[in-house]
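Working notes, beginning with the structure itself.
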Amino acid sequence: MKRQIQFTLNGKPVTADVAPHETLLDLLRDTFQLTGAKETCGLGLCGVCTVLVSGKPVSGCLHFASSIDGEEIVTIEGLETEEGLHPIQEAFYEQKAFQCGYCTPGMILMAKKLLEENPNPTEDEIKDYMVGNICRCASYAQIFAAIQEAASLLKQEKVKL
Amino acid sequence: MALGKSIRRVEAKAKVTGKVDYVMNMTMPEMLHVKLLRSTIPHGKIKNIDKRAAEEIEGVIKVVTGEDLQKLDINYYYGPAFRDQPVIAIDKVRYVGDPVAAVIAESVEIAAKAVNYIEVEYEEFEPVFQVLDAMKEDAPIVHDTIRPAGSFADLKSLLPKSGSNICLHYKLRHGDIEKGFEEADHIFEDTFTTPAAVHLPMEQHVALAYLDAEERMNIWTANQSPSFVRSEVSHVLKLPESKVRVRVPYLGGGFGTKLYVKIEALTAVLALIVKKPVKLALTMDEVFITLTKHATVFTLKTGVTNDGKIVARKCTVAWDTGAYADIGPRITQKSGFTAAGPYDIPHVQIDSYCVYTNNAPAGAFRGFGIPQLVWAYESQMDIIADKMGWDPLEFRKSQVLIEGKEHATGQIMNSIGFGEILEKIDDRLDWKTYRSTAKQPDQQNPRIRGRGMAIGLKAVLTPSISGAVVTLFADGSASVYSSTVDMGQGSDTILGQIAAEVLGLPSDKVRVVHPDTDVTPYDTITAASRSTFYMGNAIQKAAEDVKRQLFEFVSEYYEVSSEELELKDEAIFVRNEPDKKLAITEVIKKIFKMPAGSIIGRYVFESHYQSPDPETGQSDDVAIFWFAGGTAVEIEVDRETGKIDILNMVSLGDVGKAINPFQVHQQLYGAAIMQIGQALFEECKYDHGQMINASMADYKVPTFKDLPARSETIIVEDPHPEGPFGAKGVGETASFGVQPAIANALHDALGVRIKDMPLTPERVLAAIKEAEESSNSRQKVSVTNEAKGER
């Protein structure tokens with residue numbers, strides 16, 4: 001039995017009919033063709049399906065679509081603006097912080113929340129926060145560097161404002 | 001100059017914006033979905049399958065079993081070495097997870113539900129799970145007959161034995177092993193084991209197949225070997241290769257699990273049956289049981305003289321290839337022949353056995369069997385050095401294989417940078433000072449430090465073939481047509497750099513076309529760290545073919561010989577005559593008398609090779625090049641918990657020439673980190689044939705918290721005369737030595753020696769306890785108090 005929900009998706013109001021068992025990840029991928037988030041472990045343990053629900057990173061593979069009524073959803077596709085890449089994307093781009101790229105959208109969204117909570121994270125704080133995002137190619141060294149660069153880019157941006 | 005520069009990946013922006021087209025994202029109108037029912041028993045006969053209830057479910061199109069396949073005019077079996085794997089189980093199942101039925105439905109959910117309504121009746125046979133048990137004469141037989149595939153030149157000489165689980169026995173005989181042991185003053189014999197492990201690329205195996213309007217089979221697949229998929233699917237479907245089209249976009253990782261045919265034959269057959277697009281995407285728990293890394297048992301008997309020379313080494317390696325051989329026979333042979341290590345040993349005997357069991361199939365895993373071998377021989381190097389009181393680094397240095405030395409296969413080594421690798425290990429571990437300083441462990445501190453090293457040798461896949469086409473367009477941009485798969489290693493970028501270098505183009509004017517068997521020429525596989533060398537060579541020479549055609553025209557135009565011409569910065573000019581210069585675009589315009597047309601260059605690169613003698617494994621030319629790798633680590637182990645932390649890890653690889661140094665560093669680091677998981681915690685656990693930790697909840701891979709506190713990657717460049725600009729390869733080189741380097745450091749720290757992977761805290765604690773018990777029983781009463789104090 002489907003139910004209609006309304007929410008904001010990457011800044012735009014949308015509606016969708018969702019089944020009770022439907023996950024947020026399936027809704028995004030199948031109904032809205034937003035394929036940046038992907039299902040890897042299917043258990044909420046690898047971080048590949050990470051999306052933001054009203055600012056909070058969640059595992060899209062475990063999150064019921066029916067629960068997002070009224071929420072603001074941000075996916076990797078929502079970060080780039082007409083002015084260009086989001087500073088965190090920019091930092092991942094500059095530091096070449098990926099290989100196969102499958103985990104990258106989840107890494108970027110998780111890093112976004114990390115830097116909102118803690119604009120100057122130490123190396124250990126980055127490790128603790130990002131431990132649930134797995135990169136099997138092991139681009140970890142560059143991801144570290146990217147998060148540190150993003151922190152400094154975001155600070156510069158604040159200065160500009 | 002495009003070469004030697006760390007340019008950004010061509011697809012970088014798509015990767016940070018989440019816009020890469022992986023097969024997992026692909027859909028088609030009217031596309032149907034598949035879920036598989038898998039065997040719940042390890043070994044047995046299928047007596048009956050009742051699929052009626054499943055087929056009655058709304059949205060289910062069809063349930064396909066082996067019986068349905070027998071009604072089709074197809075070949076049921078596929079495989080790269082032996083055609084031993086059925087498209088779907090026909091009469092027998094051979095492991096827990098063997099596909100038994102495929103449900104085709106309108107949605108994944110409906111297909112998944114319907115799987116539960118299929119009833120299967122089995123007659124169970126006695127299974128065999130341990131590789132050494134499976135080698136026994138009275139063992140249950142997993143395959144009654146074995147059909148050689150004949151697809152690859154290096155595997156044609158392999159003669160499988162029917163009526164045994166040993167599907168390949170590779171032999172190497174070099175010198176006189178008995179004489180060697182007579183010459184030895186000391187003989188060491190040790191057995192080392194490694195467990196099965198899994199690749200776990202973040203993207204699962206996934207394929208989408210459909211018949212087009214011409215009734216050709218089209219397959220989009222996340223696969224590392226599109227050319228092989230085409231030929232094998234054409235064999236299965238009995239279609240000419242021109243009627244099978246295989247396309248591969250970017251992969252979300254591979255590491256060996258996406259090689260050869262995995263789910264492609266089944267997906268294609270299902271598309272043929274329902275005449276609609278069919279997508280089969282495995283879930284992660286299915287990825288675990290689709291392919292594993294070979295578990296091994298390796299017994300190493302080594303004879304040394306009092307003056308520090310290894311004179312004889314006898315290697316007996318058993319590879320658990322599971323229920324289907326996959327590429328196990330090639331690993332058994334090609335990695336098997338390096339089992340005695342990168343040392344100059346006059347008398348060597350190797351027996352390497354590829355053995356069927358009722359475990360999940362095993363195949364290529366980044367390193368291709370080499371890490372399992374290095375684990376044993378580099379652990380034993382330290383065991384010997386320790387017992388004899390020798391410096392383990394000097395013991396290695398004095399007999400390592402360098403330029404001009406003879407390998408146990410009989411081939412003379414060239415372009416092999418072990419000398420520099422050992423020098424750098426020496427330097428980075430500060431080895432001489434470290435060795436000469438007496439250790440004074442703080443008895444109060446449970447955390448003890450130790451240092452260790454290991455080096456390893458791998459032969460590149462030989463023979464093999466890479467074809468490439470380079471097309472230069474009228475506007476001065478170019479396309480490279482190559483069947484190399486970019487699975488994250490960055491081949492699109494470096495192969496483009498090679499073409500740009502030859503054609504004097506900026507690298508952003510060159511595009512590498514993704515594998516499409518309708519368009520891109522045959523390439524053996526994207527694996528074995530072979531693409532830079534093989535495909536790089538093909539592309540370099542195809543680009544030179546384009547350049548030759550341009551020069552031909554310009555030399556006539558200026559009435560000079562081609563030797564006087566140079567191509568640089570998108571223009572051709574006569575050397576020493578700066579006014580005689582034409583832009584590439586002008587040359588094309590003059591050739592075609594209009595600003596249109598294209599110049600096409602092509603090349604098929606084939607390696608030279610001499611097949612090894614089947615009885616002795618001897619060959620003058622068994623590998624077109626060799627990889628030399630090394631690892632140095634400093635660890636800290638907690639005596640109270642058994643946990644090992646890596647303080648510093650240095651990974652070294654001889655890559656010939658780094659085309660894109662950044663990407664080379666990334667490959668070295670990535671391979672080493674992947675091995676940390678294998679060294680410290682990764683292991684597939686089985687219970688009566690069922691993999692009980694087949695989920696990312698129960699099987700952990702390295703995360704941000706498992707990284708070495710410090711790490712360094714060092715590129716060694718010993719250029720190869722036949723490599724493109726001297727380049728060899730790099731994808732696996734840093735994987736070789738990680739496990740034994742850590743075990744050697746553990747021994748350095750605590751004096752305990754572990755011979756079974758992985759080095760889990762439980763195993764380390766047990767080893768500490770065992771060492772203490774044996775030390776206590778030796779020293780009896782007098783030191784009881786001190787021993788207690790240590791605990």
Residue-span extension gain [residue B:28 to residue B:638] - 0.36 nm each, minus C-alpha spacing: 214.1 nm
Rough spin-label spacing in nm, given labels placed 7 Å along Cα→Cβ, for residue B:123 and residue B:185: 6.4 nm
Tensor-based shape of the stretch B:564-609 (alpha-carbon gyration tensor, a/c under 1.5 rounded, otherwise prolate or oblate): oblate
The stretch B:238-333: projected area of the alpha-carbon convex hull, averaged over directions, in nm²: 10.7 nm²
Descending semi-axes in whole angstrom, ellipsoid equivalent of the stretch B:457-506, from the Cα gyration tensor: 25, 12, 11
Convex hull (Cα only) mean projected area of the stretch A:87-157, reported in nm² to one decimal: 4.0 nm²
Computed over chain B, the ratio Rg/Rh where both radii use C-alpha atoms and Rh is Kirkwood: 1.00
Estimated translational D of the stretch B:465-606 in µm²/s (Stokes, Kirkwood radius over Cα pairs; 37 °C; 0.692 mPa s): 214 µm²/s
In nm, spacing of pseudo-spin labels at residue B:579 and residue B:685 (7 Å Cα→C-beta vector): 8.3 nm
Net lengthening on full extension, residue B:215/residue B:90 (0.36 nm per residue, minus Cα-Cα): 42.4 nm
Percent of Cα-Cα distances greater than 14 Å, calculated over the stretch B:31-125: 64 percent
Förster radius 30 Å - calculated FRET efficiency between residue A:124 and residue A:156, Cβ distance, rounded to 0.05: 0.80
Virtual spin-label span in nm between residue B:566 and residue B:475, 7 Å along Cα→Cβ: 2.9 nm
Per-pair calculated FRET efficiency, R0 = 30 Å: residue B:147 and residue B:610 via Cβ, rounded to 0.05: 0.70
Centroid-to-centroid separation of the stretch A:1-61 and the stretch B:394-441 [C-alpha atoms, Å]: 54 Å
Fewest-first ranking of B:313, B:216, using other Cβ atoms within 10 Å as the exposure measure: B:216, B:313
Relative contact order (percent, whole number), chain B, Cα cutoff 8 Å, 6+ residue spacing: 15 percent
Efficiency of FRET between residue B:769 and residue B:306 - r from beta-carbon atoms, R0 35 angstrom, step 0.05: 0.55
The stretch B:588-660: equivalent-ellipsoid semi-axes (sqrt of 5 x gyration tensor eigenvalues, Cα, Å): 49, 28, 10
Longest DSSP-loop-exposure-free segment, GluC sites (Glu not before Pro), chain B, at most 13 other Cβ within 10 Å: B:216-402
Per-selection metrics, chain A (Cα): Rg and Dmax in Å: 15.7, 50
Residue-averaged 222 nm ellipticity for chain B, from DSSP H runs of 4+ at -39500 (n - 2.57), nearest 500: -8000 deg cm²/dmol
Ranked A:1, B:31, B:413, B:24, criterion: other C-beta atoms within 10 Å, fewest first: A:1, B:31, B:413, B:24
Residue order, fewest to most surrounding Cβ atoms within 10 angstrom, among B:26, A:110: B:26, A:110
The stretch B:404-449: radius of gyration and largest Cα-Cα distance (Dmax), Å: 18.1, 53
Relative counts (whole %) of C-alpha pair distances in the stretch B:558-693, using bins that are 5 Å wide: 2, 6, 8, 8, 8, 8, 10, 11, 9, 7, 6, 5, 4, 3, 2, 1, 0
Whole-number D in µm² s⁻¹ for the protein assembly as shown, Kirkwood Cα-pair radius fed into Stokes-Einstein, 25 °C, 0.890 mPa s: 83 µm²/s
Separation of alpha-carbon centers, the stretch B:682-709 and the stretch B:229-268, rounded to whole Å: 29 Å
Part-to-part distance (alpha-carbon centres) for the stretch B:758-776 and the stretch B:68-120, which is given in Å: 46 Å
Interatomic Cα distance distribution for the stretch A:3-78, bins of 5 angstrom, percent: 3, 18, 32, 29, 14, 3, 0
Karplus (6.51, -1.76, 1.60) ³J(HN,Hα), θ = phi - 60°, over the stretch B:387-394, in Hz, Gly and Pro reported as x: 5, 8, x, 9, 6, x, 6, 5
Value of relative contact order over the stretch B:518-598, rounded to a whole percent, pairs C-alpha under 8 Å and six or more apart: 15 percent
The stretch B:321-467, relative contact order in percent, only Cα pairs under 8 angstrom and at least six apart counted: 28 percent
Among B:112, B:383, B:205 the positive-end extreme of the charge dipole of chain B (Cβ point charges): B:112
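Here, each number is a calculation from the coordinates, and none is a lab measurement. The shown structure was predicted, so the numbers you read here are calculated from the model rather than taken from an experiment. Counting neighbours? That spans all protein chains shown, and the Cβs are built from the backbone with ideal geometry, glycine included.
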